[in-house]
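Report on one structure; see the data block that follows.
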Amino acid sequence: MGRLEGKTALITGGARGQGAAEAALFAEEGANVVLTDVLDDEGERTADIVGGRFIHHDVTDEEQWAAAVVGAVELHGGLDVLVNNAGIYVETSLVGGDLDEYRRVIEVNQVGVYLGMREVAPLMIERGGGSIINTSSTAGLQGAAGSFAYSASKWAVRGMTRSAAVRLGPHGVRVNSIHPGPIDTPMIADTRMADADLLDQLLQQHVPLGRMGQPEEVAKLALFLASDESSYSTGSEFVIDGGLVA
C-alpha cells in the first residue's frame with residue numbers, strides 16, 4: 001500500500017477496461033486519480049467507485065487536453081503521472097482500405113498520445129520529474145495484416161515513447177510503453193477474438209500461457225512504471241502478452 005502516495009495521476013480511457021483497472025489500483029496505492037473518457041456515464045461511475053474524479057475528454061482535441069490537465073492541476077496542485085491509455089480498434093486493410101477509418105484510428109491512438117505528452121511535458125519539467133506511460137500493443141511489435149491502422153498507430157506510439165524519453169530524460173521525466181497482448185476487456189468485442197472458437201484457437205496455438213490476460217494484470221505493470229520503483233527505466237518497452245510474441 002502507498003506506492004503512489006501523494007502523486008496525482010491522469011488516466012485517459014479510464015471509464016472501463018484497462019484504464020478503469022489502473023484507476024482503481026492507483027487509488028488503492030494512494031494516488032489522486034483523475035480519469036478521462038468520452039464515455040460519461042461509465043466514467044462517472046468508475047470515478048465514484050475508485051474515489052477519483054472524472055473529466056469528459058476527447059483525446060483528439062487540443063483544447064480538451066488542455067482543460068483535462070488544467071483540471072487535474074486545479075484539483076490536486078500538480079501532475080506526476082500520465083497514462084495514455086485511450087484507444088480504439090477498427091479492422092482495416094491495406095488493400096482496399098478506407099482512408100477515413102485509417103485516419104480515425106491514427107487520430108485517437110497516435111495523435112491523442114502525442115497531444116497528451118506535449119501537454120504534460122512542460123508541467124513535469126517544471127515539477128522536476130514525472131512518469132508518462134503510453135499504452136501500445138503487441139501490434140506495435142509485429143505486423144498485423146487485418147488491423148493495418150491499429151498496427152501503424154501502435155508502432156508510432158513505440159517510436160514516440162523512445163523519442164520522448166530521450167528528450168525528457170534530462171529533466172527527470174520518464175517515458176515508457178506497455179505492450180499488452182490479448183486482454184479481457186470490452187475492446188475484444190471489436191476484434192475477431194469476439195468469436196469464442198477463434199479466441200480459443202489463438203490462445204492454445206500462440207499464447208504459451210494459454211489464457212487471456214486480465215486488466216488488473218496490466219494495471220500492476222502500469223503501477224510499477226508510475227511508482228518510484230521504476231526510477232531507472234525510461235524509453236523501454238514492457239510486454240505483457242502471455243508469451244504471444246516470444
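The values are calculated or read from the model by the stated rules, or taken from the named source; none is laboratory data. Note that this is a predicted model, so its numbers are computed, not measured. Please note that ligands, DNA and RNA were not included when accessible areas were found on the heavy atoms of the full protein model with its side chains. Shrake-Rupley method; radii C 1.70, N 1.55, O 1.52, S 1.80 Å.
Report the percentage of all Cα-Cα pairs in the stretch 1-120 whose separation exceeds 17 Å, rounded to a whole percent. List each step's numbers first, then the result.
Working: 3843 of 7140 pairs.
Of all Cα-Cα pairs in the stretch 1-120, 54 percent lie more than 17 Å apart.
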query = Accessible area per residue of the chain at 1.4 Å probe, in Å²?
reply = 46 Å²
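Can you give the helix-only mean residue ellipticity at 222 nm for the chain, where every DSSP H stretch with n ≥ 4 adds -39500 (n - 2.57) and the sum goes over all residues, rounded to the nearest 500 deg cm²/dmol?
Only helices count here, giving -13500 deg cm²/dmol.
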task = Using 0.36 nm per residue of separation minus the Cα-Cα distance, give me the extension gain between A196 and S236 in nm, one decimal.
result = 11.1 nm
note = Between F238 and residues 5 or more places away or on another chain, the pairs with built amide H atoms under 5 Å apart involve S177, I178, H179
key: Residue-by-residue Karplus 3J(HN,Hα) for the stretch 171-182, coefficients 6.51, -1.76, 1.60, Hz, glycine and proline x   = 9, x, 9, 9, 9, 9, 10, 10, 10, x, x, x
request  = On the protein heavy atoms, probe 1.4 angstrom, tell me the percent of accessible surface of the stretch 64-172 carried by carbon and sulfur.
outcome  = 56 percent
inquiry  = I'd like the distance between the alpha-carbon centres of the stretch 1-65 and the stretch 216-230, rounded to an integer number of Å.
reply    = 15 Å
